[in-house]
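Have a look at the structure below, then the notes.
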Amino acid sequence: MNALETKQIIAESYLDEAVFAAGLKLEIPIEHIEEAYQGEWHSAEAFAENYADDLGLIPEDAQWPNSCIDWTYAARELMYDFDEEDSHYFSANY
C-alpha cells in the first residue's frame with residue numbers, strides 16, 4: 001500500500017491518527033485497524049470491566065458480583081484476544 005492510499009484510509013476514517021499509529025505499531029494491517037479498534041482505556045482492567053458491561057454480563061445496578069471480581073485477572077484472561085498500544089485497545093481477531 002502506498003502513502004497516498006494510507007492517507008486516504010486515515011482521512012476517510014472516524015478515528016484519529018494516534019489510533020492508526022498505535023495499530024500500526026501492533027502490526028495490524030491499516031485496512032483492519034478501524035474494524036479491530038475497541039477504544040481508548042486507562043488500563044486493561046477498565047477495558048475488561050467495560051467489555052463485560054457492554055456484553056450485558058453484569059447487571060448495572062448489582063453491587064455483587066462487581067465487588068468480588070478480580071478485574072486484574074479478568075483483564076489478563078481477556079487480553080489473550082486483544083492487544084494494547086498507547087492506551088488504545090484492538091481485537092486480535094480482525
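Quick notes
- Among the conditions (1) out of contact with any helix residue (DSSP H, G or I) (no Cβ under 7 Å at 6 or more places or on another chain); (2) outside any loop (DSSP other than H, G, I, E, B); (3) among the hydroxyl-bearing types (Ser, Thr, Tyr), the only one that residue 89 does not satisfy is (1).
- Odd one out for residue 62, checked against (1) farther than 15 Å from residue 92 by Cβ; (2) at pLDDT 95 or above; (3) among the small types (Gly, Ala, Ser): (2)
- Where helices (runs of 4 or more DSSP H) fall entirely within the stretch 8-76, none has at least 2 residues that are without any contact (Cβ under 8 Å) to a residue 12 or more places away in the chain and loosely packed, with under 12 Cβ neighbours inside 10 Å.
- Residues located in the stretch 77-94, provided they are among the acidic types (Asp, Glu) and touching a residue at least 40 places away in the same chain (Cβ under 8 Å): 83, 84, 85, 86
- Only one of the numbered conditions (1) part of a helix (DSSP H, G or I); (2) surrounded by 12 or more Cβ atoms within 10 Å (Cβ to Cβ); (3) modelled with pLDDT under 95; (4) not hydrophobic (A, V, I, L, M, F, W, C) is violated by residue 94, and that is (1).
- Index of the failed condition, residue 80 passing every other in (1) out of contact with any helix residue (DSSP H, G or I) (no Cβ under 8 Å at 6 or more places or on another chain); (2) among the aromatic types (Phe, Trp, Tyr); (3) surrounded by 15 or more Cβ atoms within 10 Å (Cβ to Cβ): (3)
The values are calculated or read from the model by the stated rules, or taken from the named source; none is laboratory data. Given the structure is predicted, the values throughout are model-derived calculations rather than measurements. All Cβ positions, even for glycine, are placed from backbone atoms using ideal geometry, and neighbour counts span all protein chains on display.
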